[in-house]
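Note sheet for the following structure.
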Amino acid sequence: MKKIIIFGYNNLSYEAVSRLDQKYQDIVIIETDPALIQSAKDKGYNTKNIDFRCDVALKSLGIGKSIDVIFCFLLEDFNNIFLTLSARAIDKNINIIAIAGSAQSAEKLIAAGANKIIDPYQICGQKIHELIKKPDITNIIDHTVFGRDDLHIAEIIIPTGSSLENTYSSTLSLNEQFNLVLIGIVDKELGDKLHFAIGEKDHKLDAGDILVVLGPSREINAFKQEVTNA
Amino acid sequence: MLAKPLVYFAYLLKTSPYYQKSKRFFYNLLENPQSKMKSYFDISMICLVMLSVFFLVYSVEHKLNEIGEFFEQFVVVVFIVEYLLRAWLFSDSHLIIISEYERAEYLNIPFSVIKTLKKILEKKLEYIFSLIAIIDLLAILPSYRPLRIMRILLIFRLFKLFRYSNSIKVFADVLSNKRFELLTLAIFMGFLVFISTIAIYLFENPSSGGNVRHLYDAFYWSIVTISTVGYGDITPLTFGGRLVTIALILSGLGVLSFFTSIIVSAFNEKMYTLRENRTYAELSRLDNFIIICGFGRVGQEIAANLTKDQQAFIVIDTDENNIKLAKKNNYIYIQDDASQNTILTNAGINSGASSVLCVTGNDVINVYITLTSRFLNPDINIIARANRADNVNKLYQAGANNVIQPFEVSGLLAAEHVGQPVAFEAILGILQEQKQILMETLIVYPNSLLENKLIGDIDFKHRKLTLVGVISANKIHLKRRNRYKVKNQHFYFNPENHFELLAQDMVIVLGRKYSIEHFQDQIEKSKLRPVK
């Protein structure tokens, strides 16, 4: 179970929380505005009102001990930078995901120790550009990745003792057996890099390797069962 | 008696595609400011005029050889043809005949040939007496041998140059804007010159010991002095004359600076419209461009990406700082409110634009621009940005084809990054086309190698491609499984081996850029092959 803290309650955090599977994650939202706290509470989220500028308060949340991930979704870039810097100072290994309002802030956030920067404006711009250039593909991705239909991209880790161990990726034929399309493989023998499954290389599958597949959730679950049950 | 064939002939011209086509061609060549042909024509005419003037100047002191004579003849023929063509283009005589005839028919009065011809003649005379046509005509005359005296009209050949460039029109426009000020100044100057002419003549006439012999000299001296040129060929000698000179020089300075300031301010005021006109002229030459309304962070990101693709676009924004940025990047821009009909029309929403992007930071404005754009052009592709989820439906209602929520996409990516980091990398990789791996559509053209082929018979593996699905609007496929509705067509995920591809279907594959391009080339080539 991952412990996650989200700083700031706004459109972005709302979207992120609703996408995170709350069964498997423990999520706390930090907000100071009473109205926003109330609206988050109404949605059934766990909220706390603390001052992120205070290291003691951050530690009291569990940063440095139990917290795995923090989202810095505060509206001002300088606040996010300050928060990232404070959290990184407390915990060297925490996973920090921050939003950046401009390219310069992104660099500063990286310097402050953030693991992943998300620039909403840049992503929006890129998506609109995609929509103009390749409307069909973008619509498909919208329906799959962005989950408007029952098509999802999922990653499946091959457990030890799975029937897939010591088989080859070319023999998987997921499209016939499970109605899934194999998008990529992380072959641990070759490092943590994702290899797209475009028939360039035949990967030997071992425990710990990750398969990225695209398909309806029922089929994904069926495949997960098959992989783990063996 | 003459009426019948005349009317018949007029109708014949009206319905003749050949006549219409040739008239359009010459219109594009000579008059249409937006045609490329006109600019080439203008440039070659400028060269021709310059050369002919050179020959004429040369012939003042030398005798032209045969080539020179021939060239002069050629130039005159070109000028005459041009003059006649312009006269022809100026009005549509056959339409005048037809409208007169139809009017007569309607009112049940006899059709008068004389009256009609008079009308046609009036129209053509209007052309003949227009300033620019007179200049054209005068430019032809200098080479008429018996009228060698008319060499002076050579000047008009140079005036003709103005016809082929826009600058004189712009200058005239600027001046006409300041008519009132210039008139005031001219009247003031007229009085000044008049008074000083009389005064200097009184003080400086030869009988008073000066050297202003008559009123013309006095007038000439006044102009030379008031303009602060002061040649000094006529100088005042008497005390009174010098007083007049001092007064005239001082007021001359005033007049001159007043005149300069009028011209400068006129240009300043006109600068904005001049620039805008240039923008529109630039736009009118483009085709299939994109209108970006709002040049904030999102707009800038889109512009940068479009520049990479060499896709033409225009930026509209009201904000000074945003426009400065657009200027710095050499983008075509309009600094104005994109929700106004005129601005969008001028930006080419109905003439060449393929998409409108409403990406300001304000949802209210985005809705307004979307609505305006949809009203102006029912078929254009509109993509809008919604900052709040509640406004998505409003944007669709206003007529947007697609709505993007920056925060939704980012929130989702953030969640995905935590939950499924590898899948996240895959999505990002495909979205941003990292490592040259991309998802692409292969269109099934009629008669191409993909048409009527079964999915199982296409060797995707051998081509190093992964099949994802097929997009089709064809109703035949509707009974198949894994169907997802996307807009007005369906996406068939992971189609079975016996799925038959039909013309206009789109196959979606994942693969490296080379493999996809190679396959696309083969498909393109195969559709050109004759059907066996």
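Whether any residue in the stretch B:444-454 is within 11 Å of chain A (Cβ to nearest Cβ) and crowded, with 17+ Cβ neighbours inside 10 Å is what I want to check.
no
Applying the selection to the stretch B:1-52, what residues are closer than 22 Å to B:ILE140 by Cα, exposed (fewer than 12 other Cβ atoms within 10 Å of the Cβ) and either touching a residue at least 60 places away in the same chain (Cβ under 8 Å) or not hydroxyl-bearing (Ser, Thr, Tyr) (or both)?
Answer for the stretch B:1-52, where residues must be closer than 22 Å to B:ILE140 by Cα, exposed (fewer than 12 other Cβ atoms within 10 Å of the Cβ) and either touching a residue at least 60 places away in the same chain (Cβ under 8 Å) or not hydroxyl-bearing (Ser, Thr, Tyr) (or both): just B:CYS47.
Mind listing just one residue for me: the one in the stretch A:105-136 that is out of contact with any helix residue (DSSP H, G or I) (no Cβ under 8 Å at 6 or more places or on another chain) and farther than 26 Å from B:ALA384 by Cα and, of those, farthest from the other protein chains (Cβ to nearest Cβ)?
By that ranking, first place goes to A:ALA111.
Okay, residues lined up against (1) without any contact (Cβ under 8 Å) to a residue 24 or more places away in the chain; (2) in contact with a Phe, Trp or Tyr (Cβ under 9 Å, 6 or more places away or on another chain):
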site	(1), (2)
B:HIS490	yes, yes
B:PRO495	no, no
B:GLU500	no, no
B:VAL509	no, yes
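Please list, ordered by first then second residue, the pairs with beta carbon atoms under 9 Å, 6 or more apart or interchain, first in the stretch A:100-111 and hydroxyl-bearing (Ser, Thr, Tyr), second part of a helix (DSSP H, G or I) and surrounded by fewer than 19 Cβ atoms within 10 Å (Cβ to Cβ).
Going by the 9 Å Cβ cut-off, the qualifying pairs are A:SER105/A:PHE78.
Which one is surrounded by the fewest Cβ atoms within 10 Å (Cβ to Cβ), of the residues in the stretch A:173-220 that are under 19 Å from B:ILE437 (Cα atoms), more than 10 Å from every other protein chain (Cβ to nearest Cβ) and acidic (Asp, Glu)?
So, considering only residues that are under 19 Å from B:ILE437 (Cα atoms), more than 10 Å from every other protein chain (Cβ to nearest Cβ) and acidic (Asp, Glu), the one surrounded by the fewest Cβ atoms within 10 Å (Cβ to Cβ) is A:ASP202.
Condition first: facing chain B (nearest Cβ under 10 Å) and without any contact (Cβ under 8 Å) to a residue 60 or more places away in the chain. Can you find one or more residues in the stretch A:56-66 that meet it?
No: the stretch A:56-66 contains no residue that is facing chain B (nearest Cβ under 10 Å) and without any contact (Cβ under 8 Å) to a residue 60 or more places away in the chain.
Does at least one position in the stretch B:81-92 carry a residue that is assigned by TED's automatic domain parsing to the domain that holds B:LYS118, farther than 19 Å from B:ILE132 by Cα, out of contact with any helix residue (DSSP H, G or I) (no Cβ under 6 Å at 6 or more places or on another chain) and assigned to a helix (DSSP H, G or I)?
Within the stretch B:81-92 (the criterion being assigned by TED's automatic domain parsing to the domain that holds B:LYS118, farther than 19 Å from B:ILE132 by Cα, out of contact with any helix residue (DSSP H, G or I) (no Cβ under 6 Å at 6 or more places or on another chain) and assigned to a helix (DSSP H, G or I)), the answer is no, since none of the residues qualifies.
Of all residues in the stretch B:379-418, how many are surrounded by 20 or more Cβ atoms within 10 Å (Cβ to Cβ) and free of Cβ contacts under 8 Å to residues at least 12 places away in the same chain?
Count: 9.
Would you list the strands (runs of 3 or more DSSP E) that sit entirely within the stretch B:323-442 and hold 3 or more residues that are out of contact with any Lys or Arg (no Cβ under 7 Å at 6 or more places or on another chain) and within 12 Å of chain A (Cβ to nearest Cβ)?
Per the criteria, B:353-358, B:381-385.
Do we have B:LYS115 as charged (D, E, K, R), surrounded by 12 or more Cβ atoms within 10 Å (Cβ to Cβ), touching a residue at least 12 places away in the same chain (Cβ under 8 Å) and within 29 Å of B:PRO5 (Cα to Cα) here?
no
Would it be correct to say that A:SER170 is at the interface with another protein chain (Cβ under 9 Å from one of its Cβ atoms), surrounded by fewer than 19 Cβ atoms within 10 Å (Cβ to Cβ) and of a type outside the set (Asp, Glu)?
yes
The values are calculated or read from the model by the stated rules, or taken from the named source; none is laboratory data. All values derive from a computational prediction rather than experimental measurement. Note that we place each Cβ from the backbone using ideal geometry, even for glycine, and neighbour counts take in every protein chain shown.
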